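A quick write-up on the structure given underneath.
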Amino acid sequence: MVSQSFASLLRSTSHLSYRNLLVHPARRLRRFSASPFLNREPPHEPTPNPLQGKSCIITGASRGIGAAIAKRFAQEGVRCILVGRNEQLLLSVRDGLGTGDEHRVVVGDVGSDAFWGNMKKEKVDILVNSAGITHCSPLFVTSPSLLEEVMRTNLMGTMMACRTMGKNMMALKGGCIINVASLLGQKGGKGSAAYAASKAGVIGLSRALAAELGEKNVRVNVIVPGYIETDMTEGAAMTPNARSEALNAIPLKRFGRPSEIADAAVFLAANAYANNCVLNVDGGLSAI
């Protein structure tokens, strides 16, 4: 019975040419590569700049990372509203953008609910929360008022900005929020309790908002910088020994530049599918 079935199978396949089935691999490759679909190159059309003509609020724009993001966004054709406490520094940054009068300066305290009440009429496509203050001391010798100030600026300021601008973005059926955290918010460190807690809160806030606002086409992402060449790592703000120790710990053996954080912000703003990204830009320090 079995042999008869096998014989029937052989007869049913007798029309096949086994020479065709056992073609030399090189011949198969030539036949495959000769396909007109494989040789046809897609047309190279210029990709339009997705950020051209957009508008953006950048907090902490008077120096460092915030100023670098403003400069980079302006290069991409974004109209920037620069927010900070020091008007002269903000004006200096604005004048350096070099694209006319389309950029504005707003002086205020991002940790103030009244400030964001005054900003609620602003309709922007992008919000970058870069404002922040740091303080290094053990928790047990840090005054409650200083703890409150760090949390108020770094976390509550970011939260209120997201709350105010996020509502406007939902009404506009789209937008992008980029929050700037810190590697200390992921790894902690001696003397950084208040700062690390505030930045860990920014990461958690960003993740929650990515889930809440995604269905409204509002994307929320967070950049996690490591050591960046700013006022915090230059001069008396960082001792030579501390700087040397930090450099030795970084796999790339250098501090990052504010412009490299700005490049990350441009990527997150331009990529329409980037949501809930926690983007470490730390030279590999997070791997240690």
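A few notes on this one:
- With K and R counted +1 and D and E -1, the other residues having a Cβ less than 11 Å from that of Gly64 yield a net charge of -1.
- In this structure, the pairs whose alpha-carbon distance is over 31 Å, taken from Lys216/Lys253; Lys199/Lys253; Lys71/Lys121; Lys71/Lys120, are Lys216/Lys253.
- Relative to the current alpha-carbon distance between Glu76 and Lys167, full extension at 0.36 nm per residue lengthens the span by 30.2 nm.
- Amide H contacts of Asn179 (H built 1.01 Å from N, under 5 Å, at least 5 apart or other chain): Asn129, Asn221, Val222, Ile223
- Rounded, prolate or oblate (a/c below 1.5 giving rounded, otherwise prolate when a/b exceeds b/c) for segment 133-288 by Cα gyration tensor: oblate
- For segment 168-239: relative contact order, % (alpha-carbon pairs under 8 angstrom, 6 or more apart): 39 percent
- With a Förster radius of 25 Å applied to the beta-carbon distance between Arg243 and Glu87, the computed FRET efficiency rounds to 0.20.
- Cα gyration tensor, segment 73-222 - rounded (a/c under 1.5), prolate or oblate: oblate
Values quoted throughout were computed directly from the atomic coordinates according to the rules given, and no laboratory measurement underlies them. Computed from a prediction, not measured in an experiment: that's the story for all the values here. Because the Cβ atoms are built from the backbone with ideal geometry, glycine has one as well, and the counts that use them run over all protein chains shown.
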